[in-house]
Amino acid sequence: MGLPSRRRRPTPMSQWNPTARLSYWAFHANRRPSYMRFAYLQLGSDKAAEDAVDATFDSIMNEWLRMLHMDRLDAYAWTILKQRLVDRQQRRSTWPEPMDISAFEAALKDAHADQYEVLTDTIRFYSAVSRLAERQRDAVLLRYGLQCTPGEAASVMGVDEATVRSQLGQAHRRLARLLDTSAES
């Protein structure tokens, strides 16, 4: 016979007070669209993104009463989403990275440019983005991949807008170095 789990069972939502229930569903309604878009960028399919986001909100629901007492509830939720994305990426078979697919789509959109050059530049750029630190990459994907303002990206990530602006600045400098290096090679 195994040892009992140290983790306590989550309180069912039916036993939450009305304020806690309303706050959870408001958070869910506010964050789900952004989480879905970000998850799709990372996983490349609607099904995988939906599975990851559903698992994220299941985990958040299980921790919600405890999360209500946190200073950085949004940041904790973002951490849960990132972990669920890692879980899904480890489970999936070897498919092309979503960023590689985006490169092909970008090349097809600009009919006036040399499509091969657009494609190679886009692949180089996404390759450089993949080499950024995780938070910088998140900020870049939210800001430029999903067209979020720095304030919106900060809200989704659960950090201050100044933090996102700093991460974007660092990412721009790192990308400039990476792209200069790869252009020479």
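Here are the numbers:
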quantity: Pairs where the first residue, in region 162-174, is at negative phi and the second is small (Gly, Ala, Ser) and buried (at least 16 other Cβ atoms within 10 Å of the Cβ), C-beta under 7 Å, 6+ apart; calculated: Thr163/Ala154; Val164/Ala139; Val164/Ala153; Val164/Ala154; Gln167/Ala139; Leu168/Ala139; Ala171/Ala139
quantity: Selection within region 10-49 - more than 17 Å from the chain's Cα centre (by Cα) and part of a helix (DSSP H, G or I); calculated: Met13, Ser14, Gln15, Pro18, Thr19, Ala20, Arg21, Leu22, Ser23, Tyr24, Trp25, Ala26
quantity: Restricting region 1-59 to residues that are under 25 Å from Tyr144 (Cα atoms) and at pLDDT below 90, the residue that is surrounded by the fewest Cβ atoms within 10 Å (Cβ to Cβ); calculated: Ser45
quantity: Residue within region 139-146 that is of a type outside the set (Lys, Arg), at pLDDT below 60 and open to solvent by 30 Å² or more (accessible area, probe 1.4 Å) present; calculated: no
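The values are calculated or read from the model by the stated rules, or taken from the named source; none is laboratory data. These numbers were taken from a predicted model, which means no experiment stands behind them. All Cβ positions, glycine included, derive from the backbone under ideal geometry; neighbour counts span all protein chains shown. Surface areas here come from the heavy atoms of the whole protein model, side chains and all, with no ligands, DNA or RNA. Shrake-Rupley method; radii C 1.70, N 1.55, O 1.52, S 1.80 Å.
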